[in-house]
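Only one structure is covered here, and it is reproduced in the block below.
The values are calculated or read from the model by the stated rules, or taken from the named source; none is laboratory data. Worth saying up front: this structure is predicted, and the values here are computed from it rather than measured. Using ideal geometry, Cβ is built from the backbone for each residue, glycine included, and neighbour counts are taken over all protein chains shown.
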Amino acid sequence: MSGAANKRPGTAARRAAVVALALLAHSWAATSGDKNLVVSGRLACLGTNLKETSCRDAPARLALKADTGQLHILAAGDAASTLLQEKRLQTRQFRLTLRSLDSGKTFQIVKTQLIRGGKVYDFHYFCEICNITTYTPGPCMCCRAPTEYREAPAET
Ligand SMILES: [Zn+2]
């Protein structure tokens, strides 16, 4: 009788642990499986306190400020800095496809489109020699030849 009484709590605890693990695995999967987010807005420059600052000062981070006012902080990298530094874009308005790997604290850029005069354009850099497309300026990552800036009205 006492043996059975001792056995039951142990089983329950083990079952609870299995449920907890399953929940953990589920929430992890939900986070890493986040769908891409398409956000239109204006490029904003952030200081070290993550408050908006002038883009003339070297900004600590870049963000896309959605039309709703919500800030999407962009992961540091070439794709983000291109938005600020590429003068041929001639705009601070963008439509970005974003993906977060940390529950919305920062976003990686999956796809970059510019908005100019209310129209959306695709843009990229192209190496004719290698037939390679990138979203960041600079020499071709393959043959180091200069790449060509191209833009075209977006189809969607
Ligand atoms: Zn090349």
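Couple of notes before you dig in:
- Some residue of segment 44-62 being at pLDDT 90 or above and touching a Phe, Trp or Tyr at 6+ places or on another chain (Cβ under 8 Å): no
- Looking only at segment 15-43, and only at residues there that are modelled with pLDDT under 65 and assigned to a loop (DSSP other than H, G, I, E, B), the one that is farthest from L98 (Cα to Cα): G33
- Residue within segment 118-131 that is within 14 Å of the chain's Cα centre (by Cα), more than 16 Å from the ligand (Cβ to nearest atom), more than 24 Å from R56 (Cβ to Cβ) and in the same structural domain as Q70 (by TED's automatic domain parsing) present: no
- Candidates L83, L98, L114: the one that is away from the ligand (no atom under 15 Å from the Cβ) and in a helix (DSSP H, G or I) is L83.
- Each residue in segment 133-156 was checked for being near the ligand (Cβ under 8 Å from one of its atoms) and in contact (Cβ under 8 Å) with a residue 12 or more places away in the chain, and 5 of them qualify.
- Filtered by the rule that a residue be assigned to a loop (DSSP other than H, G, I, E, B) and surrounded by 17 or more Cβ atoms within 10 Å (Cβ to Cβ), segment 61-80 gives a lone residue, A75.
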